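A short write-up of the structure that comes next.
Only the coordinates and a few stated rules stand behind these numbers; no lab work does. Quick caveat: nothing in here was measured; it's all calculated off a predicted structure. In this analysis, Cβ positions are derived from the backbone assuming ideal geometry, glycine residues included, and neighbour counts consider all displayed protein chains.
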Amino acid sequence: MSATAEQAHQEGSKKLFMVVWVSLLVLTGTEVFLAYQNLELKLMLIILMTLSIIKASLIIAYFMHLRFERASLAWTLMPALVFVIVMMFMAFPDSVRLYEMTPE
Amino acid sequence: MAKEAMSAHGPRHVGAGAAAIESAWEGGGSPYAVSSKKLGMWLFIVSDAITFSALLVAYSYVRVASAAWPRPFESPSIVNATVMTGVLLSSSLTMVMAVRASKLGAVSSTFGWLFATAAGGILFDILHVREWLGLIHEGVRLFSNPWGTPLFGAAFFSLTGLHMTHVTIGVVYLIVVALGFRRSKFSAEDVEVSGLYWHFVDLVWMFIFPLVYLMSAKLG
């Protein structure tokens with residue numbers, strides 16, 4: 001019991017989780033603030049995706065504990081996931097072409 | 001581990017490397033140093049993340065390609081969705097507290113934190129269903145809506161619907177784990193594995209919220 005208690009203490013104190021939680025709320029607030037600025041669509045998409053990827057990384061690293069697991073687990077899971085998602089974007093630029101070809 | 005395998009198998013093997021690999025294949029090694037339950041949940045999460053990514057990429061594709069994409073989310077909807085995001089993020093915090101308490105062996109506090117997390121999920125669902133009913137009342141259907149690109153309804157309802165399903169399943173999962181943990185049927189590790197799932201559901205919303213709501217907001 002004392003070993004696991006020590007482990008729980010080492011791998012993430014209450015304070016650390018509170019800091020992560022507050023950062024996530026602040027990032028969400030920033031996104032909502034940006035929505036009220038009526039930015040151009042593509043710029044908005046890029047900024048929002050960047051912020052969301054930061055939020056997702058915080059959740060994976062601290063809440064999902066991946067930072068404290070053996071590195072082999074992260075190296076097995078994450079590159080595969082990123083690769084598949086990047087592949088999905090292969091045809092994405094075509095959406096811009098469709099937009100520009102839309103008759104007024 | 002490698003040493004034991006060497007001595008067990010004797011002179012049949014030449015290098016320590018070969019013995020270490022064999023012992024891993026025989027179930028002796030643990031390359032990730034996690035239990036099979038946890039690894040299983042991680043693999044499920046990666047495959048589920050790919051499912052959601054496919055839907056999100058398809059949605060974004062149609063969104064960028066459509067000049068007449070509807071922007072039905074005015075300030076009250078954005079405030080509602082922001083509150084939903086806050087609720088889900090806070091439920092992730094209570095989930096972390098539940099995992100922590102379970103590792104410390106604090107049964108009643110684990111039970112309490114898990115129920116707080118499930119309550120957050122229920123609140124999220126209620127707010128989301130209210131949002132859906134509002135849109136349906138305004139005339140949004142799967143393949144038609146009063147404002148523009150007909151696909152808006154299909155994209156919105158399939159994406160948020162799949163997420164809502166995940167939240168609902170998560171609530172049931174958390175309640176089952178909470179009750180089982182109190183009866184010592186489930187261990188601290190089971191609580192941790194259910195936590196992985198719950199954080200993942202939270203993580204997916206971190207992409208749905210900006211892409212679906214903020215990108216289709218009509219503000220100011």
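Under the combined filter of DSSP loop state and at most 12 neighbouring Cβ atoms within 10 Å, the range B:97-201 retains these GluC sites (Glu not before Pro): B:138.
In chain B, helices alone account for a calculated mean residue ellipticity at 222 nm of -25500 deg cm²/dmol, with every DSSP H run of four or more residues adding -39,500 (n - 2.57). Projecting the alpha carbon convex hull of chain B along each direction and taking the average yields 16.5 nm².
Go ahead and set up a Gaussian network model of chain B, Cα springs under 10 Å, then flag whichever of B:144, B:90, B:194 fluctuates most. Maximum fluctuation in the GNM of chain B, among the listed residues, is at B:144.
Taking every DSSP helix (H) stretch of at least 4 residues in chain A, weighting each as -39,500 (n - 2.57) and dividing the sum by the residue count yields a mean residue ellipticity at 222 nm of -23500 deg cm²/dmol.
The gain in end-to-end length when the residue A:19 to residue A:82 segment is fully stretched comes to 20.0 nm, 0.36 nm per residue minus the alpha carbon separation.
Loop-only chymotrypsin sites (Phe, Trp or Tyr not before Pro) in the range B:118-166, please: DSSP not H, G, I, E or B, and at most 13 other Cβ atoms within 10 Å.
Details: sites: B:124, B:132, B:143, B:147, B:152, B:156, B:157; in loops: B:143, B:147.
Sparse-neighbourhood loop chymotrypsin sites (Phe, Trp or Tyr not before Pro): B:143.
For the range A:45-104 versus the range B:35-83, the inter-centroid distance based on Cα atoms is 11 Å. Projected label points at residue B:183 and residue A:33, each 7 Å from Cα along the beta carbon direction, are separated by 4.9 nanometres. Each residue of the range A:2-101 gets 90 Å³ once the volume of the Cα convex hull is shared out per residue. Against the main long axis of the alpha-carbon atoms of chain A, helix A:71-88 sits at an angle near 10°.
Can you give the FRET efficiency for residue B:51 and residue A:74, using 1/(1 + (r/R0)^6), R0 = 22 Å, r = Cβ-Cβ distance, to the nearest 0.05? The pair residue B:51/residue A:74 has a calculated efficiency of 0.60. Legend: translational diffusion of the protein assembly as shown by Stokes-Einstein, Rh = Kirkwood radius over C-alpha pairs, 10 °C, 1.306 mPa s; D = 73 µm²/s.
Need one number: the % of Cα-Cα pairs in the range B:67-186 sitting beyond the 24 Å mark. For the range B:67-186, the fraction of Cα-Cα distances above 24 Å is 40 percent. When the trypsin sites (Lys or Arg not before Pro) in the range B:165-207 are filtered for DSSP coil states and for at most 13 other beta-carbon atoms within 10 Å of their beta-carbon, the remaining sites are B:183, B:185.
What ranking do A:94, B:125, B:202 get, fewest neighbouring Cβ atoms within 10 angstrom at the top?
Values: A:94 12, B:125 17, B:202 28.
Fewest-to-most ranking of A:94, B:125, B:202: A:94, B:125, B:202.
Sorting A:95, B:91, B:30 from the fewest to the most surrounding beta carbons within 10 angstrom yields B:30, A:95, B:91. Long hydrophobic helices in chain B, taken as whole DSSP H segments with a C-alpha length of 20 Å or more on their own axis and mean Kyte-Doolittle hydropathy at least 0.0: B:36-65, B:75-103, B:107-137, B:152-182, B:188-208. Working from Cα pairs under 8 Å separated by at least six residues, relative contact order for chain B is 27 percent.
From least to most packed, judged by other beta carbons within 10 angstrom and beginning with the fewest, B:110, A:102, B:94 follow the order A:102, B:94, B:110.
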